[in-house]
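**Q** Let me give you the structure first, and then I'll get to my questions.
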Amino acid sequence: MNDTHAATISLIERQFLQLVPASRFQFALPSSATSAEIKYDAVCDLEVQQEVYSRVLEPAEGRGIAPAYIVAIVKAMVAVIENAGEEVDGDVFMLMINLLRHPTPPVPPPGPVTYKFLDTSITITETRNLISGYGTTGFRTWEASLALGEYIISQHLLPSTSPDRALDLSSKRVLELGAGTGFASILCAKLGSRLAVATDGFEEVVLRMRGILESNQVEELVETRVYKWGNSSGIETGSVLEKESREEEYVYNEPVDLILGADITFDAEGCNLLVSSFDQLERQNPSVQILISATIRNEETIAAFETYLAEKNFAFTVIPANPHPKWFFYDAVPEIRIYSLYRATK
């Protein structure tokens with residue numbers, strides 16, 4: 001098996017484990033798509049098909065992946081091979097036939113989604129078709145989180161002497177706001193941060209997050225908190241519940257070197273409270289770095305976010321999300337921006 005075949009199998013496996021929809025699934029390496037006609041030689045190879053079957057497709061149900069998703073990908077793969085006029089591996093074809101014989105629920109249940117990167121991975125049980133709504137956004141990892149993760153990994157891989165290296169996780173204390181599944185905190189832990197604290201405004205989400213940390217074996221490196229941005233009751237900004245307590249409220253005053261957030265700017269009122277928390281945390285930690293990954297769904301809302309930043313004397317630079325990510329698979333439409341925040345004046 002040559003390098004192109006091995007890389008194609010890896011591409012298919014990483015997309016499959018991340019539950020990339022069949023409509024966006026790639027069966028050819030990006031380098032194979034430089035011409036108008038995509039070349040599917042590798043996936044049409046019977047040895048490659050058999051490896052995809054034995055390594056990815058056949059064990060999928062045992063890993064908890066929904067049959068509806070498996071059959072959608074197998075059908076797409078078979079269509080690519082047949083359209084190229086090539087032979088479909090017998091095991092792949094029979095898997096498709098057997099799956100089609102059994103009815104599948106119209107809405108797939110929550111299932112494991114695995115994000116492979118470098119020599120490690122993160123696995124999270126998610127509801128992939130979830131529509132963003134009050135109290136529900138923590139049950140899947142959103143595109144802005146993946147774009148932020150892609151940026152963090154790209155920075156991690158730069159030499160320490162590189163002038164382009166703006167982020168160093170080694171020995172850093174990380175605070176993630178609106179963590180949801182805890183994806184960014186887990187990623188930082190696996191890349192060498194000293195400690196990550198994953199916070200969310202909903203206790204149900206935080207309790208679920210703890211199980212995710214344990215399953216990824218980072219519970220000693222990532223802590224959890226219920227963290228409320230701002231405070232409408234008059235208590236100081238940053239009301240928090242300790243992870244071991246449900247009663248005592250206090251101001252978040254633990255030292256932090258890096259603040260992360262992804263897809264947490266979708267509501268103008270929430271943006272006001274969020275920036276108030278930035279203000280307090282930066283005053284307590286003047287050298288803190290703040291990186292916020294935002295999906296631009298509504299220009300008015302993001303304009304409000306930028307206005308609140310200016311009111312609190314924050315400036316920012318925008319880091320465009322990588323339109324051709326190497327590790328994770330996500331849509332760059334709507335636009336995703338990564339905001340690097342800093343005080344305009346001290």
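The values are calculated or read from the model by the stated rules, or taken from the named source; none is laboratory data. Keep in mind that this is a model prediction, so the values were computed, not measured. Because the Cβ atoms are built from the backbone with ideal geometry, glycine has one as well, and the counts that use them run over all protein chains shown.
**Q** Just to be sure I understand the filter: pairs with C-beta atoms under 6 Å, separated by 6 or more residues or on different chains, first member in the stretch 106-121 and on the phi < 0 side of the Ramachandran plot, second member part of a loop (DSSP other than H, G, I, E, B) and at pLDDT below 85. Which pairs pass?
**A** Sorted first by the residue in the stretch 106-121, then by its partner, the pairs are PRO110/THR127.
**Q** Listed residues ILE186, ILE131; which is modelled with pLDDT of 95 or more, farther than 12 Å from PHE328 by Cβ and not assigned by TED's automatic domain parsing to the domain that holds PRO21?
**A** Just a single option satisfies the conditions, and that option is ILE186.
**Q** Mind listing whichever residues of the stretch 139-179 are part of a loop (DSSP other than H, G, I, E, B), in contact (Cβ under 8 Å) with a residue 12 or more places away in the chain and hydrophobic (A, V, I, L, M, F, W, C)?
**A** Residues satisfying the conditions are TRP142, ALA166, LEU167, LEU169, ALA179.
**Q** I'd like to know if the stretch 251-268 contains one or more residues that are assigned to a helix (DSSP H, G or I) and either over 22 Å from ASP200 (Cβ atoms) or in contact with a helix residue (DSSP H, G or I) (Cβ under 6 Å, 6 or more places away or on another chain) (or both).
**A** yes
**Q** For the stretch 88-103, what are the residues that are outside any helix (DSSP H, G or I) and out of contact with any Leu (no Cβ under 6 Å at 6 or more places or on another chain)? Lay out the reasoning, then the answer.
**A** Step one: filter the stretch 88-103 for residues outside any helix (DSSP H, G or I), giving 88-89, 102-103.
Selection gives VAL88, HIS102, PRO103.
**Q** If you don't mind, there's one more thing I want to ask. Among the residues that make up the stretch 180-197, is at least one of them farther than 20 Å from PHE117 by Cα and assigned to a helix (DSSP H, G or I)?
**A** No, the stretch 180-197 has no match at all.
**Q** I've got another one for you. Considering only residues of the stretch 92-124 that are among the charged types (D, E, K, R) and closer than 20 Å to LEU11 by Cβ, which is modelled with the highest pLDDT?
**A** We begin by selecting, within the stretch 92-124, every residue among the charged types (D, E, K, R); these are 101, 116, 119.
After this cut, where a residue has to be closer than 20 Å to LEU11 by Cβ as well, the list is 116, 119.
Numbers: LYS116: 96, ASP119: 93.
Among those residues, the one meeting the criterion is LYS116.
**Q** Now for a separate question. Across the stretch 296-341, what is the total count of residues that are touching an Asp or Glu at 6+ places or on another chain (Cβ under 9 Å), more than 26 Å from ASP119 (Cα to Cα) and touching a residue at least 60 places away in the same chain (Cβ under 8 Å)?
**A** Residues meeting the conditions: 2.
**Q** Then there is this: Does any residue in the stretch 264-286 that is free of Cβ contacts under 8 Å to residues at least 40 places away in the same chain come within less than 7 Å, Cβ to Cβ, of a residue that is of a type in the set (Gly, Ala, Ser) six or more places away or on a different chain, and which pairs are these?
**A** ALA268/ALA304; CYS271/ALA304
Rundown of residues vs (1) farther than 23 Å from PRO109 by Cβ; (2) crowded, with 17+ Cβ neighbours inside 10 Å; (3) not assigned by TED's automatic domain parsing to the domain that holds THR120, yes/no style:
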{"residue": "THR8", "(1), (2), (3)": "yes, yes, yes"}
{"residue": "ILE38", "(1), (2), (3)": "yes, no, yes"}
{"residue": "VAL71", "(1), (2), (3)": "no, yes, yes"}
{"residue": "GLY90", "(1), (2), (3)": "yes, no, yes"}
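**Q** Now a separate question. Any residue in the stretch 83-105 that is more than 20 Å from PRO59 (Cβ to Cβ) sitting within a Cβ distance under 8 Å of a residue that is in a loop (DSSP other than H, G, I, E, B) and β-branched (Val, Ile, Thr)? List the pairs, counting only those 6 or more apart or interchain.
**A** none
**Q** What are the residues in the stretch 290-326 that are closer than 23 Å to VAL256 by Cα, among the hydroxyl-bearing types (Ser, Thr, Tyr) and surrounded by fewer than 16 Cβ atoms within 10 Å (Cβ to Cβ), if any?
**A** Answer for the stretch 290-326, where residues must be closer than 23 Å to VAL256 by Cα, among the hydroxyl-bearing types (Ser, Thr, Tyr) and surrounded by fewer than 16 Cβ atoms within 10 Å (Cβ to Cβ): just THR317.
**Q** For the structure I just gave you, tell me whether ILE302 is within 15 Å of the chain's Cα centre (by Cα) and either under 16 Å from GLN155 (Cα atoms) or among the hydrophobic types (A, V, I, L, M, F, W, C) (or both). Can you show your working first?
**A** Values: within 15 Å of the chain's Cα centre (by Cα): no; either under 16 Å from GLN155 (Cα atoms) or among the hydrophobic types (A, V, I, L, M, F, W, C) (or both): yes.
For ILE302, the condition - within 15 Å of the chain's Cα centre (by Cα) and either under 16 Å from GLN155 (Cα atoms) or among the hydrophobic types (A, V, I, L, M, F, W, C) (or both) - is not met.
**Q** Here's a follow-up. For SER215, work out the one condition from (1) in contact with an Asp or Glu (Cβ under 6 Å, 6 or more places away or on another chain); (2) at pLDDT 95 or above; (3) surrounded by fewer than 18 Cβ atoms within 10 Å (Cβ to Cβ) it doesn't fulfil.
**A** Answer for SER215: the failing condition is (1).
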